[in-house]
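Notes follow the structure.
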Amino acid sequence: MSFSQSHFVPNFRLIARNEARILFRDGTLPLVILVLIVMIGWGFFVGLAQASLRDNMLGRVVAHEQETQQSNQQTLQSVLAGKEALVPFSNPANPAALAGSLSGRHTTLPNSPLAALSVGQSDLLPNYYRITYLSKVQFMYDTEIENPWNLLSGHFDLSFVIVFVLPLLAIALGYNLLSGEREQGTLRIVCSQPVSISTVVAGKLAVRLFALLAVAIPLPLFALALLRPETRGVEQMLLMLSWSALVVSYALFWFALAALVNVAGFSSSANALIMVAVWTVLVLILPVALNLVVNLVSPAPSRTELASRTRVVTADALREYEDLYSADYRYASDPEALAVKDGRVEIPSRMRAFFLAKQRVDERIEPLLKQFDRQLLEQQRLVDVLGFLSPAILVNEALNAIAGTDSRRFLAFKSQTETFHNSWREHFAPRILNDRATTSEDLNALPRWRWSEVSASDVNLRVWSRIVLILALVAALGAVALVRSTRGPVI
C-alpha cells in the first residue's frame with residue numbers, strides 16, 4: 001500500500017473540511033443551497049397542488065355518482081308506485097336509460113400516495129371516464145396519442161427540478177474543482193503535499209454532493225410525509241427510498257462527469273462549456289431527437305383514418321337499425337306506455353336502436369382501436385429501449401413511475417376501463433332486448449368500478465434497473481477520471 005493510499009481517509013477528511021470552510025466563507029454554498037431550497041419548495045408545491053386538484057375532482061365525481069344513485073332509487077320507487085311523470089330518458093325503470101347517462105357511473109384512477117413528487121402525464125391524460133353504452137371511440141379515443149417523451153418537460157414540478165436544475169447546480173459547483181486551483185497557482189502547493197489528485201477531487205466533490213443532496217432529498221420527503229399521512233406505509237417508504245437512491249445516482253453521474261472534465265487539464269471556461277454542452281445534449285437535444293426517432297420508427301396511427309372509419313361504421317349502423325330509429329314519438333302523448341307492467345317496461349324503439357347501434361360500432365371499429373393500442377405500446381417499448389441513451393430520460397421515467405403518473409399506469413387504467421365498459425353493456429343487453437324493467441334490487445346491483453393497482457414489484461424493478469444503469473455509468477466515468485489523474489499532467 002502506497003503512502004497516499006494509506007493516508008487517503010485522513011487526507012480526504014482534511015480536504016473536505018477545508019473545502020467546506022472555503023465554500024461557506026465565500027458564500028457559494030449558501031447561495032446554491034438557498035436557490036435549491038426555493039426551487040425544491042416551489043416544485044413540491046406545484047406537485048402537491050396538482051395532486052390535491054385531482055383528488056378534489058375525483059371526490060366530486062364520486063359524490064355525484066352517489067347522489068345520482070340515491071336520486072335514481074327515489075325516482076324508481078315513485079315510478080313503480082305510479083306517482084312519477086314518465087319521461088323516456090329519465091325513467092330508471094327503463095334499462096336503456098340507465099345504461100346511458102342516467103346512472104352517472106364513472107371509472108376513476110385514484111392518485112398514488114406519492115403523486116406530489118411528479119406531475120408526469122397526469123395533467124394530460126384523463127383520470128376518469130363516464131361510462132355509458134356509447135361506443136368507446138366516443139369517450140376514450142377523443143384525445144391525441146402522445147409520445148411519452150413529449151411530456152419530458154411540463155410543469156415546474158419536483159421532477160423538473162431534479163432532472164433539469166440539479167445538474168446545472170452540480171455544474172456550477174464542480175466545473176473548476178482543479179482548474180480554479182491551477183489558475184490561482186495553489187494546485188502545485190496542494191500537490192506538493194503527500195496527497196493524490198484523486199483524493200483532492202474526491203474531497204472537493206464530496207462536500208458539494210452532500211450539500212445538494214442534504215436539501216434535495218429530505219426536504220420534499222419530510223414535507224410529503226407530514227402533509228400526506230397515506231405516505232407513511234411500508235410500501236410507500238420503500239418507494240421513497242427508491243426515489244432517494246435515484247436522485248443520489250443522478251447527482252453522482254453529474255459530479256463524476258465534473259471529475260472527468262477537471263482531470264483532463266482544461267481551463268475553467270473550457271470545463272464549463274464542455275459540461276453545459278453535455279447537459280444540453282443529454283437533457284434537451286437527445287430527448288427531442290429520440291422523440292423523432294420513435295415517431296419515425298413507430299408512428300402514431302392516423303386520427304383522420306379513425307374519424308373516417310368511425311363515420312362509415314356509424315352510418316352503416318344507422319342504416320341497419322333505421323326501422324327502429326324511425327319509430328314514432330307516441331310516448332310524448334301517451335306516457336302511460338312507459339309504465340312498468342308485470343316486471344316489464346316498453347323500451348322506446350329509438351333508445352333500443354341507440355344501444356344496438358353503438359354496440360355494433362364498437363364491434364366493427366375494434367380492430368382499428370386495437371391497432372391504436374398496439375402502436376402506443378410499441379412507442380412505450382421504444383421509449384424503454386432508447387431511453388437508456390440519456391440519464392435524464394431514465395430518471396424522468398423512473399420519477400414518474402414512483403409517483404404513479406407514468407404512461408404505463410394510465411394505459412392500465414384505460415385497459416381496465418375498456419373491460420368495465422364491456423361488462424356494463426353485457427349487463428344491460430338482455431334487459432334491454434327483453435324489455436325487463438329495473439327493480440330496486442337491480443339498481444343496487446349495478447356493476448361497480450374497482451381499480452386494480454399496478455404491481456409495486458413491477459415499479460421497483462423498472463426504477464432499480466435504471467438506478468443500476470446510472471451507477472454503472474458513474475463507475476465508468478469515475479474509473480476513467482481516476483486513470484487520467486494518475487497518468488496525465490494535471491497540474
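A few comments on the model shown:
- The set of residues from the range 262-272 being open to solvent by less than 10 Å² (accessible area, probe 1.4 Å) and either closer than 16 Å to Ala172 by Cβ or at pLDDT 95 or above (or both) comprises Asn262, Asn271.
Listed here are the residues, each with its yes/no results for (1) among the hydroxyl-bearing types (Ser, Thr, Tyr); (2) over 30 Å from Asn111 (Cβ atoms); (3) at pLDDT 80 or above; (4) open to solvent by 10 Å² or more (accessible area, probe 1.4 Å).
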{"position": "Lys341", "(1), (2), (3), (4)": "no, yes, no, yes"}
{"position": "Arg344", "(1), (2), (3), (4)": "no, yes, yes, yes"}
{"position": "Lys358", "(1), (2), (3), (4)": "no, yes, yes, yes"}
{"position": "Phe372", "(1), (2), (3), (4)": "no, no, no, no"}
{"position": "Leu376", "(1), (2), (3), (4)": "no, no, no, yes"}
{"position": "Leu389", "(1), (2), (3), (4)": "no, yes, yes, yes"}
{"position": "Ala392", "(1), (2), (3), (4)": "no, no, yes, no"}
{"position": "Val395", "(1), (2), (3), (4)": "no, no, yes, no"}
{"position": "Ile402", "(1), (2), (3), (4)": "no, no, yes, no"}
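- The set of residues from the range 416-443 being open to solvent by 40 Å² or more (accessible area, probe 1.4 Å) and β-branched (Val, Ile, Thr) comprises Thr419, Thr439.
- Hey, Arg484 part of a helix (DSSP H, G or I) and open to solvent by 60 Å² or more (accessible area, probe 1.4 Å) or not: yes
- Within the range 165-184, residues that are farther than 16 Å from Phe210 by Cα and surrounded by fewer than 22 Cβ atoms within 10 Å (Cβ to Cβ) sit with their Cβ atoms under 6 Å from residues that are modelled with pLDDT under 90 and not hydroxyl-bearing (Ser, Thr, Tyr), at 6+ positions apart or across chains, in these pairs: Glu181/Leu187.
- Residues (without any contact (Cβ under 8 Å) to a residue 60 or more places away in the chain and not hydroxyl-bearing (Ser, Thr, Tyr)) located in the range 274-287: Ile274, Ala277, Val278, Val281, Leu284, Ile285
- Considering Trp464, Trp449, the condition of being in contact with a His (Cβ under 8 Å, 6 or more places away or on another chain) and either open to solvent by 40 Å² or more (accessible area, probe 1.4 Å) or in a loop (DSSP other than H, G, I, E, B) (or both) is satisfied by Trp449 alone.
- Test: Ser452 is under 25 Å from His106 (Cα atoms) and hydroxyl-bearing (Ser, Thr, Tyr): yes
- Residue pairs whose Cβ atoms lie under 6 Å apart, sitting 6 or more positions apart in sequence or on different chains, and linking a residue in the range 435-464 that is closer than 30 Å to Phe388 by Cβ to a partner that is open to solvent by less than 40 Å² (accessible area, probe 1.4 Å) and of a type in the set (Ser, Thr, Tyr), are Val463/Ser242.
- Filtering the range 11-32 to residues that are open to solvent by less than 60 Å² (accessible area, probe 1.4 Å), among the hydrophobic types (A, V, I, L, M, F, W, C) and in contact with a Gly (Cβ under 9 Å, 6 or more places away or on another chain) leaves Phe12, Ile15, Ala16.
- When Arg364, Arg425, Arg352, Arg374 are screened for being free of Cβ contacts under 8 Å to residues at least 40 places away in the same chain and not small (Gly, Ala, Ser), only Arg374 passes.
- Helices (runs of 4 or more DSSP H) wholly inside the range 275-334 that include at least 2 residues being modelled with pLDDT of 75 or more and either more than 31 Å from the chain's Cα centre (by Cα) or within 23 Å of Glu366 (Cβ to Cβ) (or both): 303-320
- Residue match in the range 471-481 (condition: under 25 Å from Val288 (Cα atoms), open to solvent by less than 20 Å² (accessible area, probe 1.4 Å) and modelled with pLDDT of 85 or more): no
- Test: Arg408 is open to solvent by 60 Å² or more (accessible area, probe 1.4 Å) and assigned to a loop (DSSP other than H, G, I, E, B): no
- Single residue of Val278, Val247, Val312 found to be open to solvent by 20 Å² or more (accessible area, probe 1.4 Å), over 29 Å from Glu183 (Cβ atoms) and out of contact with any Phe, Trp or Tyr (no Cβ under 8 Å at 6 or more places or on another chain): Val312
- Residue within the range 33-47 that is modelled with pLDDT under 90, over 23 Å from Ser423 (Cα atoms) and surrounded by 14 or more Cβ atoms within 10 Å (Cβ to Cβ) present: no
- The residue list Leu469, Leu411, Leu433 contains one member that is of a type in the set (A, V, I, L, M, F, W, C) and closer than 30 Å to Leu178 by Cα, which is Leu469.
- Criterion (assigned to a helix (DSSP H, G or I) and more than 21 Å from the chain's Cα centre (by Cα)) met by exactly one of Phe222, Phe160: Phe222
- Exactly one residue among Gln236, Gln193 is assigned to a loop (DSSP other than H, G, I, E, B), over 26 Å from Val32 (Cβ atoms) and not hydroxyl-bearing (Ser, Thr, Tyr), and that residue is Gln193.
- Count of residues meeting criterion [closer than 21 Å to Phe253 by Cβ and of a type in the set (D, E, K, R)] in the range 182-207: 1
- Among the candidates Leu221, Leu226, residue that is free of Cβ contacts under 8 Å to residues at least 24 places away in the same chain and surrounded by 17 or more Cβ atoms within 10 Å (Cβ to Cβ): Leu221
- Any chance Leu239 is in contact with a Ser or Thr (Cβ under 9 Å, 6 or more places away or on another chain) and free of Cβ contacts under 8 Å to residues at least 60 places away in the same chain: no
- Among the residues of the range 49-69, those that are touching a residue at least 60 places away in the same chain (Cβ under 8 Å) and closer than 10 Å to Tyr128 by Cβ comprise Arg54, Met57, Leu58, Val61.
The values are calculated or read from the model by the stated rules, or taken from the named source; none is laboratory data. A quick note: this is a predicted structure, and the numbers were derived from the prediction, not measured. Note that each Cβ is placed from the backbone with ideal geometry, even for glycine, and that neighbours are counted across all protein chains shown. Remember, those area values only see protein heavy atoms, side chains included, never the ligands or the DNA or RNA. Shrake-Rupley method; radii C 1.70, N 1.55, O 1.52, S 1.80 Å.
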